[in-house]
Amino acid sequence: MIGKAIAALVLIPLAIVIVLLAVANRQAVTISLDPFLSEPRILAVSQPLFIVILFTLTAGVVIGGVASWLRQSKWRRTARRAQAEVRALRAETEALRQRLASAERGGQPVGSIAYRRPPAA
């Protein structure tokens, strides 16, 4: 409940700022990807300024998220290995508990180990 209220307190002003940005910056700008030729612009596109700004912000967030995700791969790998080890240790613990319970039911003392002699050749 509190998380939704905090999200609303952040997202509503952010949405208002984005709408104001879009309304205030409707004029078209030309983005050219060719640094050497000014005319004729082959690799150029004309878009409203707010689209260019929002696209740039979105691209920055995506690139930052991907970079962060790639940096954290070592920790995710370590967590997966630890989870696998925990699963294996839990399975071993359960097997030992079952073995202990069957030994107690069979009348064998818990601390003793029954040794068997190999068959005579």
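The values are calculated or read from the model by the stated rules, or taken from the named source; none is laboratory data. Model, not experiment: these values are computed from the prediction. Don't worry about glycine lacking a Cβ; one is built from the backbone with ideal geometry, like all the others, and counts go over all protein chains shown.
Note on the range 30-67: residues that are part of a helix (DSSP H, G or I) and of a type in the set (Val, Ile, Thr) total 9. Which count do you get for residues in the range 18-29 that are modelled with pLDDT under 90 and surrounded by fewer than 10 Cβ atoms within 10 Å (Cβ to Cβ)? Residues meeting the conditions: 1. Considering every residue within the range 64-83, establish whether at least one is without any contact (Cβ under 8 Å) to a residue 40 or more places away in the chain and under 30 Å from Ala28 (Cα atoms). Yes, the range 64-83 contains a residue that is without any contact (Cβ under 8 Å) to a residue 40 or more places away in the chain and under 30 Å from Ala28 (Cα atoms).
Does the range 45-56 contain any residue that is in contact with a helix residue (DSSP H, G or I) (Cβ under 9 Å, 6 or more places away or on another chain) and surrounded by fewer than 10 Cβ atoms within 10 Å (Cβ to Cβ)? So far as the range 45-56 goes, no, none of its residues is in contact with a helix residue (DSSP H, G or I) (Cβ under 9 Å, 6 or more places away or on another chain) and surrounded by fewer than 10 Cβ atoms within 10 Å (Cβ to Cβ).
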